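The values are calculated or read from the model by the stated rules, or taken from the named source; none is laboratory data. Since we're looking at a predicted model, the values are computed, not measured. We place every Cβ from the backbone using ideal geometry, glycine too, and count neighbours over all the protein chains shown.
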Amino acid sequence: MTDLLRLILAILASLFKSRAELEAENLILPQQINVLCRRMPKRPALTNVDRFLFVWLYRWFPSTAGALAIVRPETIIRWHRAGFRAYWRWRSRNRVGRPKVSAELRALIREMSRANPLWGAPRIHGELLKLGFDVAQSTVAKYMERRQGPPSQGWKTFLRNHALHITAIDMFVVPTIGFKLLYALVIIQLQRRHLVWINVTANPTAEWIARQITEAFPWDQAPRYLIRDRDASYGHAVTRRLAAMGIRDRPTAPRSPWQNGHVERLIGFDPARVPGPCRGPGRRAPAPDPRHLC
């Protein structure tokens, strides 16, 4: 900054000098620069103010490029272009990208996620829209409180909260003394492992199973969910009867008896030790995702 002030004072003083004095000064200045360049072992260190003055003089008086001695004219042009790019980058810095999210809104999103651990980004986004905040769902997910635990409740927690409304059904084969086969149907309630219904038949049709479900549950005491396997005996008559009674049908995954483990253990079959396509014998399978029952 001191060099800039000295330059301004020299320009003001030159206004009061004669033309002969100015020409003499212009002749001696290049000679001094040549002497300094011979004695200078390395490139001179220039400040941003020096670069600005060189660029400004070149912009208004391009003929001054021929009088340069300590830097090359190409260097001045490169500085000019870099300054041009930096200027327009600064001018357009706030006109691109997403709008900024205020600190109050970020704090509100974190507070809502902490106060409601079971709420996800869609739920919080909907509540913010009701309050008049125009924000994207991705922004809500970005500023939500990060939890260390699992993203949802575990299987044991789900059963503890909803076992009262879950019932399981299954069928098994009973050989008779006359070498015939009977098919037994059992229905249990998961909360207390209570045996709700049991019956046998020689021809397990879908109509017979639907009638057993009707007899097992009165219309005003039907459960909310019914877990079953994918046996072909559960036909359209069973699904229609469940829908009419307001019971949500939840079949297990194919070849996954461990997902209906409560009734399987009642029958006497250990589903956790059945070899599957992704498990070896003797290894327990993971519990099903409770979100599939919702």
Can you tell which of ILE177, ILE124 is at pLDDT below 95 and surrounded by 15 or more Cβ atoms within 10 Å (Cβ to Cβ)? ILE124
Of everything in segment 62-112 that's of a type in the set (A, V, I, L, M, F, W, C) and not in a helix (DSSP H, G or I), which residue is modelled with the highest pLDDT? VAL101
For ALA184, indicate whether it is part of a strand (DSSP E or B), within 23 Å of ARG224 (Cβ to Cβ) and modelled with pLDDT of 90 or more. no
For segment 190-215, which residues satisfy the criterion of being crowded, with 19+ Cβ neighbours inside 10 Å and either among the charged types (D, E, K, R) or not in a loop (DSSP other than H, G, I, E, B) (or both)? ILE209, ALA210, GLN212, ILE213
Please determine, by comparing only the residues of segment 240-255 that are part of a helix (DSSP H, G or I) and of a type in the set (D, E, K, R), which one is surrounded by the most Cβ atoms within 10 Å (Cβ to Cβ). ARG241
